[in-house]
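Heads up, the thing below is written out as structure tokens.
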Amino acid sequence: MKVIGKIGECCQKKGCWMKVPISETEEMLVRFKDYGFFVPMDSEGKEIVMEGKVKKEIIPVAQLRHYAEDAGKSKEEIEKITEDEVKISFMATGVVIKG
């Protein structure tokens, strides 16, 4: 499926994931198939068109903490992550950043 959206947050270590808001209170975690490509780390706020597969999954605490660390969150913020989360995720096979 193709999805149009805006990058809300992305990995600040190498651009290997991003989050795309899907409502006022929920966001979709986007990863890239086989880590075959990344997005620039200064992509936050940019409009995108992406292609791939969407699914609902449980993301374990360890992975959530890893993403928080990649995003540059503080140690205190990372330690507050204590429960797995059910999230909508997207495995992108391609991403175009507009502009």
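The values are calculated or read from the model by the stated rules, or taken from the named source; none is laboratory data. Remember, it's a predicted structure, so these values are computed and weren't measured experimentally. Here the Cβ is made from the backbone with ideal geometry for all residues, glycine too, and neighbour counts use every protein chain on show. To get the accessible areas, we keep the full protein, side chains included, count just its heavy atoms, and leave off ligands, DNA and RNA. Shrake-Rupley method; radii C 1.70, N 1.55, O 1.52, S 1.80 Å.
Annotations
- Sole exception among (1) loosely packed, with under 11 Cβ neighbours inside 10 Å; (2) modelled with pLDDT under 95 for I22, by number: (1)
- Condition check for I81: more than 12 Å from the chain's Cα centre (by Cα) and of a type in the set (A, V, I, L, M): yes
- Any hit, the stretch 74-94, residues being free of Cβ contacts under 8 Å to residues at least 40 places away in the same chain, in contact with a strand residue (DSSP E or B) (Cβ under 8 Å, 6 or more places away or on another chain), within 15 Å of W17 (Cα to Cα) and not acidic (D, E): no
- Of all the residues in the stretch 43-99, those that are outside any strand (DSSP E or B) and open to solvent by 70 Å² or more (accessible area, probe 1.4 Å) number 17.
- Whichever residue in the stretch 1-19 is open to solvent by less than 70 Å² (accessible area, probe 1.4 Å), of a type outside the set (D, E, K, R) and out of contact with any Lys or Arg (no Cβ under 7 Å at 6 or more places or on another chain) and, among such residues, is farthest from Y67 (Cα to Cα): V3
- Pairing residues of the stretch 4-20 that are more than 11 Å from E44 (Cα to Cα) with residues that are β-branched (V, I, T) and outside any strand (DSSP E or B), at Cβ distances under 8 Å and at least 6 apart in sequence or on separate chains, gives G5/I22.
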